[in-house]
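The values are calculated or read from the model by the stated rules, or taken from the named source; none is laboratory data. Keep in mind the model is a prediction, meaning the values are calculated, not measured. Because the Cβ atoms are built from the backbone with ideal geometry, glycine has one as well, and the counts that use them run over all protein chains shown. These area figures cover heavy atoms from the full protein model, side chains too; ligands, DNA and RNA do not enter into them. Shrake-Rupley method; radii C 1.70, N 1.55, O 1.52, S 1.80 Å.
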Amino acid sequence: PLVATIASTDMGLLLRDDVFVDFFNTFLNLPVFGQTPIYISSTGQWNLWPELPSHVDPSPPALLAWLEKHRLPHFCKSSLFLHLVLCQKLLGFIRSEEAAKLLNWQSADRWLLEKCISGSQGMWHFRTFIRGMAGEELTNFWLTTERLLELDESDERQRELYLSLLHRLKATHLREGSSVITLCRTITGSLLKARHIQSISTRREILSKMQEQVLFMIQSYWLPKFFIHCKMGIKEEKLCWPLLQEYQERLLWASSEEPSGFSENLFMMHIRKSQGLSGPYCSKKAKVEIWALIREVRDIQEMKMPSFQVQPERQPGPAGSTKESSLGKDVLESIPQQSEHPANPAFGGKGGTTSPKRPRPNAEQVLHLKDLCKEKVLSNLCSSAPIAQLPSLEKPIKTLGFLPWALSAETCAGWPFRDFLKCQDRPMETLLLDLWHDLEEFLSAVLDPSRENSFFLRHLTGEKICKTYLEEGTIQQLPLETRTLRRLRNHLMSGEFSPWVFRAQEEICKVLYCFYEEFLAYDDRMFLQFMVRVRH
């Protein structure tokens, strides 16, 4: 499996792949983590944030060892990793002779398309382009199936996730009338038989064949449509005219140099020297400071934001038609403003199928945020924050204030906080964290009715929440207000939205924030164990 291959590959070799570096940098800078380094592949430089105290002299080998042990395993479980795999599949097709013959692409065409789709931001543009169309459902199916096929159903530790993903596939992509069923009609007949004989190998083989067929449709149909969209876009955008000029020049060349995808720069990997930080190393303190800076700009932006509206939901009708249904006026009036709640992660969602929302910030924005704020361009960072909408924080700023933003990034990060809770033998807190994420997924389906399969996802998730967390016996055990949970259950049983979702998430955060502080402290200790080398 690709997960095992990457997990066992030397980190130095992985960092030679520019596409991997782009996705890995996005992952490393997710707000759920304490230390958020970034790698500048063009110079071989690592920039740490927060920086280490001035008396500490870190070494690149120590940093790579820490990354291999405390970051790479989570990356391989993350939704960002699934998008990396898909991106590599698409790039492989673009570079192939098959694509050149099938689509009559010249080398300049392949060069431009690779520029447009490479990396996490390129995949974000692609996912945005196919949003609301059949290509979105095909892509979500491919991503979910990729995660499912990496799991071992016979392993008790993986069986629950495997069955959850399989149930999700059946309820959404494998239902009659879906784009996947229409495309894979002959294969799905065998899948129905495989359900009855309960053959794991047969089921996996059929899903694998369906995934291959879906991938080919994405490559041969949706990728060319995206290419046409990109060419039209760069003609209209002045900032892209240099790229367009280079593309036109390459069209005139008899043969263009094929991109390798690997960095050819020869350099000595190094870590940017500390700027003289004094005092003990503490990522929590650094996060509080950065959130305080962001909050000032956020407050100004919120004054200019339009009022929040919920669009009518699309519901499937007979023969695949759609009809609209509106939420009650009294419910809408009680919904908090959108800025008060973080949106789903860029590549989040259970099973890694949520499409990216925003591009990631560049290195300078991450490293010199204070300077940017002083130069009054901090708004540029806020408009391009990749993972979630920044929460509105109240003074004084505490961990509780930014916890929703951190939690909303955890699915992208491979569940590090959840793993920490399990290692600390905290089953109740782990259950609460799972509930928070399931509520977040429910919100994603409700508040974004244009999302493919949103109607089925909201009912599927609502039923799961009620069955897993809101049975009467379970409600009595959860350290939340009973009234909140019962009101929540009454609405979710019918897949109905309620502001009690926000109330439940707020109560969960009040329980979890002290454990998140322990997680940050643990992350700091592990980082320092690898990095501390005192100067003599």
query: For the stretch 79-140, what is the accessible area per residue in Å² when the probe is 1.4 Å?
result: 32
task: Quick one, can you get me the convex hull of the C-alpha atoms of the stretch 487-531 expressed as volume per residue in Å³?
output: 87
task: Mind giving me the FRET efficiency for Ile6 and Leu149? R0 is 22 Å, r the Cβ-Cβ distance, nearest 0.05 is fine.
output: 0.90
- request: Using +1 at the Cβ of each Lys and Arg and -1 at the Cβ of each Asp and Glu in the stretch 407-531, identify which of Ala445, Cys412, Gly473 lies farthest towards the dipole's positive end.
  value: Gly473
- request: Please give the peptides 19-32, 155-168 ranked by average Cβ packing (other Cβ atoms within 10 Å per residue), highest first, as a rough proxy for protection.
  value: 19-32, 155-168
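Show me 70-77, 55-62 ranked by packing, highest mean number of other Cβ atoms within 10 Å first. Display every interim value, and only then the final one.
Details: 70-77: 19.9, 55-62: 15.8.
Descending mean neighbour count gives 70-77, 55-62.
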Segments 403-414, 79-90, 235-246 sorted - mean Cβ within 10 Å per residue, highest first: 403-414, 79-90, 235-246
query: How large is Rg over Rh for the stretch 1-141, taking Rg from the Cα atoms and Rh as the Kirkwood inverse mean of 1/r across Cα pairs?
result: 1.03
query: Ordered by residue, what ³J(HN,Hα) values in Hz, to whole numbers, does the stretch 479-492 give under the Karplus form 6.51 cos²θ - 1.76 cosθ + 1.60, where θ = phi - 60° and Gly and Pro are x?
result: x, 10, 5, 4, 4, 4, 5, 5, 4, 4, 4, 4, 7, 6
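Would you work out if the stretch 460-535 is rounded, prolate or oblate? Take a ≥ b ≥ c from the square roots of the eigenvalues of the alpha-carbon gyration tensor; rounded if a/c is under 1.5, else prolate when a/b is larger than b/c, oblate otherwise.
prolate
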task: Could you give me the radius of gyration and the Dmax of the stretch 59-186, taking only the C-alpha atoms into account and expressing both in angstrom?
output: 17.9, 56
- prompt: Quick one: Cα centre-to-centre distance for the stretch 426-500 and the stretch 116-166, in angstrom?
  reply: 22
Positive dipole terminus of the stretch 32-119, leading residue within Leu84, Asn47, Leu64 (C-beta point charges): Leu84
Mean separation of Cα contacts under 8 Å, 6 or more apart, over the residue count of the stretch 455-527: relative contact order %: 29
